[in-house]
1. What Kirkwood hydrodynamic radius do you get for the stretch 126-253 when you take the inverse of the mean 1/r over all pairs of distinct Cα atoms, in Å?
2. Mean Kyte-Doolittle hydropathy of -1.0 or higher plus an axial Cα length of 20 Å or more: which whole DSSP H helices in the chain meet both?
3. At residue 76 and residue 141, where each label point lies 7 Å from the Cα along Cα→Cβ, what is the point-to-point distance in nanometres?
4. What are the trypsin sites (Lys or Arg not before Pro) within the stretch 129-160 that DSSP puts in a loop, where the Cβ has at most 14 other Cβ atoms within 10 Å?
5. Per-residue ellipticity at 222 nm for the chain, helices alone: DSSP H runs ≥ 4 residues times -39500 (n - 2.57), over residue total, nearest 500 deg cm²/dmol?
6. Please list, in order, the residues from the stretch 172-192 whose amide nitrogen is less than 15 Å from a point placed 7 Å along the Cα→Cβ vector of residue 222.
7. Counting residues in the chain as N, plug N into 2.2 N^0.38 Å and put the Cα Rg over that result.
8. Please name which of 184, 247, 135 has its Cα lying farthest along the dipole of the stretch 127-253 towards the positive end, using unit charges on Cβ (Lys, Arg +1; Asp, Glu -1) and the Cα centre as origin.
Amino acid sequence: MFQNKTSTRSLYYYLSIILLAKILFKRVVLLSQGIGPIHDKWPRYFSRVILNLADVITVRDRGSYLELKKLGLKQDSIITADAVFALDFTAFRKEKTNSSKVGMVLRRFHDYGYFVEEIQEVRDQLKNNENIGFTFYPFHLPEDNIIGGEIRIKAKLEDLLREFANLDLVVGARYHSLLLAHALRKPFIGINVDTKIKYFCESHDMPCLDLNKNTFKKNLKSSIIHMIEKKPEFNPEEQGKRVKDSFSLVFED
């Protein structure tokens, strides 16, 4: 939330809420925040000054923790996890099936047309040579509907979770697709179109592919082949406990 890659105006908006709360002598607790990137002198200055006014800050990953360190905050933040892990996903989990299924969640990004062509080539090669099935899930319509092939549109979260439960691997350029994969204990591969995707993949030792025209197709293909048989030892329940425990900080004096 505290970033200015997409909009400096939104950064100042959220900072102004904190400032207003402190003017009114209210306690400010920031829970499971994603921080960064924050570019340029004045946005970083105002972020440092105003975030220092918060009574407690918890962040969802180590990358956000380090970003606050770079800003020069006086107080230390607490690493918990994304607040989504406070939810219970156990009813949707399934064991791996005999077939190989990859779910892909894409979005528009800089020069995406070039990389979409490479993704299609990798899909066709693995489908024909490795018998791996691919399904594309647009999270935001119509802007995410950028590729041909089997496309599934799910209006309800429960239906999407049931679909994801039948996958063996998720490849995502949307942050929340990786969250769902982790919650369902599925391996995932991030496409590095946003800092939060990179931070999340790093936090869980999952690959995150840079948009490098010289290496992307090769790395995507090898990563899918390598990761589709993995059974990661994710523990979303432990992360959920950390998030729930942090809720008590809202009411501490």
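1. After inverting the mean inverse Cα-Cα distance, the result is 16.1 Å.
2. Those that clear 20 Å and a mean of -1.0 are 8-23.
3. 4.8 nm
4. Those satisfying the criteria are 152, 156.
5. -13000 deg cm²/dmol
6. Once the point is set 7 Å along Cα→Cβ of residue 222, nothing inside the stretch 172-192 turns out to lie under 15 Å by backbone N.
7. Here the answer is 1.09, to two decimals.
8. Checking the options against the dipole of the stretch 127-253, the answer is 135.
Any read-out appearing in this document is the output of simple, stated calculations on the displayed coordinates, not a laboratory observation. Predicted model only: the values in this text are computed from it and were never measured. Every residue, glycine as well, gets a Cβ built from its backbone with ideal geometry; the counts of neighbours run over all protein chains shown.
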